[in-house]
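Chemist: Handing you a structure now.
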Amino acid sequence: MDKEMLKTIIKEQAEMIEQRLGNEHIIERDAKLEDYLKSNVALFILGVRRSGKSTLAMQLFKGQKHGYINFDDERLLGMKANDLNLVLQAFYELYGNDLGNLILDEIQNIEGWEPFVGRLRETKRVIVTGSNSKLLSGELATRLTGRHIDFTLYPFSFSEFLRYKNVSVGSTLTTQERANMNRLMLEYLNNGGFPEFFKYGRASLESIYNDIINRDIIQRHKIKNAEALRQIARFLISNSSQEFTYSSLRRITQVKNQITITNWVKYMEDAYLIFAAERFSHKLKNMAIAPKKGFAIDTGLVNLLGFSSDNNLSRLMETCVAIEIKRRSAAGRNFNMYYWKDHRQHEVDFVIKTGEKVNQLIQVTNASSLEEIKEREIANIIEAGKELRCDNLLIITLDYEANERINGHAISFVPLWKWLLE
């Protein structure tokens, strides 16, 4: 790798990202990470491709001299770990020997990058971004024990979406304001939260999806039967919030090896394209063999790949709630998400558990009144509450809000938009 070429690439990338930050409507994200940069730890910002990781990293070093390089640049293809010290030399020649802040974007493209970052963090503040959850597995996790912070960034939350739209929410809403909030929530459900959607529209979602499939999964893992993998990815995303088993996925393609299917689903999870919730049980064996619920990383992708149906709003709402639960857990609340189903097929959408304790049960419905909510949804959450010894029962609705006492059990009903802004 030629050092002068590296300097050219670094300079051009810096100019490009500065131009983008200057021309685009950039909002402050909900993530509060500044305190993690006060001590000598490496900060890892992980998440799905084009969720805003690089922009967030730039915001954290705003007004401070820093070096930035994006290893996703095609001119850096074939770069080796022993070339990384040339990157540091190029930074010094461009910005001076006192350079103390570095952003290494998508460094997982360089095999064997871990020792380089381990050495840098001794004397510099380092932010590493990556689009693969396995970035912190293996050697680096051992090398940096207690000396790194990792944070998962998701596409825009509803509050960030409103901030992008310059919409403020008061503590008390008029009837008209409440109707407008519901309209904005439906827009958010249909379009999702990828920042690029708000500039480029549906075409940006197609580009993001294809990049994740082709670059982060097929090319990275050298998948030969790419078309079969695409079929499974499309099935899981278009059926977001539905149960699946690896054997059921095997039946929708010509791939007969279940281990292959299992690996493919794991690659999709590693690339943050999907995530799964296990069926809750006190017995680990039961959880391992039960179907899982799959969720897309963004509701816009569900609309992109799915088919319109009467159940689409319910599917989008449940997916949105699942994403928000994952987002809140990533922000340091450290709980686990499951779903519940008994032998009679009574189901509750979400079980929130911390340690050994079930903290909350959540049911999601697209109803706008108590009369519209199906009796079985209320009966199921009450039944699950008794079995799991949990009296914190929440039903997230389209537009019904109340605290009710039903059959001796207190249940909170909260509109989705209001719950998303908690």
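The values are calculated or read from the model by the stated rules, or taken from the named source; none is laboratory data. Quick caveat: nothing in here was measured; it's all calculated off a predicted structure. FYI the Cβ positions are ideal-geometry reconstructions off the backbone, even for glycines, and counts take in every protein chain you see.
Chemist: Looking at ALA410, ALA384, ALA379, can you tell me which residue is loosely packed, with under 14 Cβ neighbours inside 10 Å, part of a helix (DSSP H, G or I) and not aromatic (Phe, Trp, Tyr)?
Modeler: Working: ALA410 fails: part of a helix (DSSP H, G or I); ALA384 fails: loosely packed, with under 14 Cβ neighbours inside 10 Å.
After ruling out the rest, the residue left standing is ALA379.
Chemist: Applying the selection to the range 282-313, what residues are outside any helix (DSSP H, G or I), surrounded by 15 or more Cβ atoms within 10 Å (Cβ to Cβ) and either modelled with pLDDT under 95 or among the acidic types (Asp, Glu) (or both)? It would help to see each step written out before you state the result.
Modeler: Of the residues in the range 282-313, the ones outside any helix (DSSP H, G or I) are 282-283, 290-298, 306-311.
After this cut, where a residue has to be surrounded by 15 or more Cβ atoms within 10 Å (Cβ to Cβ) as well, the list is 290-298, 306.
Hits for the range 282-313 are ASP298, GLY306.
Residue by residue, here is whether (1) among the hydroxyl-bearing types (Ser, Thr, Tyr); (2) more than 30 Å from THR175 (Cα to Cα); (3) modelled with pLDDT of 95 or more holds:
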site: MET317; (1), (2), (3): no, no, yes
site: ALA322; (1), (2), (3): no, no, yes
site: SER329; (1), (2), (3): yes, yes, no
site: TRP340; (1), (2), (3): no, yes, yes
site: GLN345; (1), (2), (3): no, yes, no
site: GLU356; (1), (2), (3): no, yes, no
site: LYS374; (1), (2), (3): no, no, no
site: ASN380; (1), (2), (3): no, yes, yes
site: ALA402; (1), (2), (3): no, no, yes
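Chemist: So, LEU84, is that one more than 30 Å from SER329 (Cα to Cα), surrounded by fewer than 17 Cβ atoms within 10 Å (Cβ to Cβ) and modelled with pLDDT of 95 or more or not? I'd like the intermediate steps shown before the answer.
Modeler: Values: more than 30 Å from SER329 (Cα to Cα): yes; surrounded by fewer than 17 Cβ atoms within 10 Å (Cβ to Cβ): no; modelled with pLDDT of 95 or more: yes.
Taking the combined requirement at face value, the residue does not satisfy it.
Chemist: A further question follows. When you go through (1) more than 21 Å from ILE323 (Cβ to Cβ); (2) touching a Phe, Trp or Tyr at 6+ places or on another chain (Cβ under 7 Å) one by one for GLY170, which number turns out not to apply?
Modeler: The single condition GLY170 does not satisfy is (2).
Chemist: So in the range 223-281, with the set limited to residues that are small (Gly, Ala, Ser) and part of a strand (DSSP E or B), which one is surrounded by the most Cβ atoms within 10 Å (Cβ to Cβ)?
Modeler: Keep residues of the range 223-281 that are small (Gly, Ala, Ser), which gives 226, 228, 233, 238, 240-241, 247-248, 271, 276-277, 281.
Keeping just the survivors that are part of a strand (DSSP E or B) gives 276-277.
Working: ALA276: 17, ALA277: 21.
Once the filter is applied, the top-ranked residue is ALA277.
Chemist: Still on this model: Restricting attention to the range 341-354, which residues are closer than 22 Å to ILE237 by Cα and surrounded by fewer than 22 Cβ atoms within 10 Å (Cβ to Cβ)? Let's see the steps before the verdict.
Modeler: In the first step, residues of the range 341-354 are kept if they are closer than 22 Å to ILE237 by Cα; the result is 341, 347-351.
Correct list: LYS341, GLU347.
Chemist: Does GLU28 satisfy being of a type in the set (D, E, K, R), out of contact with any strand residue (DSSP E or B) (no Cβ under 7 Å at 6 or more places or on another chain) and either closer than 27 Å to ILE213 by Cα or in a helix (DSSP H, G or I) (or both)?
Modeler: No, not satisfied.
Chemist: Now for a separate question. Tally the residues that are within 25 Å of ASN286 (Cα to Cα) and surrounded by 13 or more Cβ atoms within 10 Å (Cβ to Cβ), restricting the search to the range 355-375. Outline the logic, then answer.
Modeler: If we filter the range 355-375 for residues that are within 25 Å of ASN286 (Cα to Cα), which is where we start, we get 355-364.
After this cut, where a residue has to be surrounded by 13 or more Cβ atoms within 10 Å (Cβ to Cβ) as well, the list is 358-364.
Number satisfying all stated conditions: 7.
Chemist: Here is a further query. Within the range 17-45, restricting attention to residues that are surrounded by fewer than 14 Cβ atoms within 10 Å (Cβ to Cβ) and under 23 Å from LYS124 (Cβ atoms), which residue is modelled with the lowest pLDDT?
Modeler: Here is the first cut: in the range 17-45, the residues surrounded by fewer than 14 Cβ atoms within 10 Å (Cβ to Cβ) are 18-20, 22-25, 28, 32, 34-35, 38-40.
Retained after the next criterion (residues that are under 23 Å from LYS124 (Cβ atoms)): 18, 32, 34-35, 38-40.
On the way: GLU18: 88, LYS32: 87, GLU34: 88, ASP35: 85, LYS38: 74, SER39: 68, ASN40: 77.
Among residues in the range 17-45 that are surrounded by fewer than 14 Cβ atoms within 10 Å (Cβ to Cβ) and under 23 Å from LYS124 (Cβ atoms), the one modelled with the lowest pLDDT is SER39.
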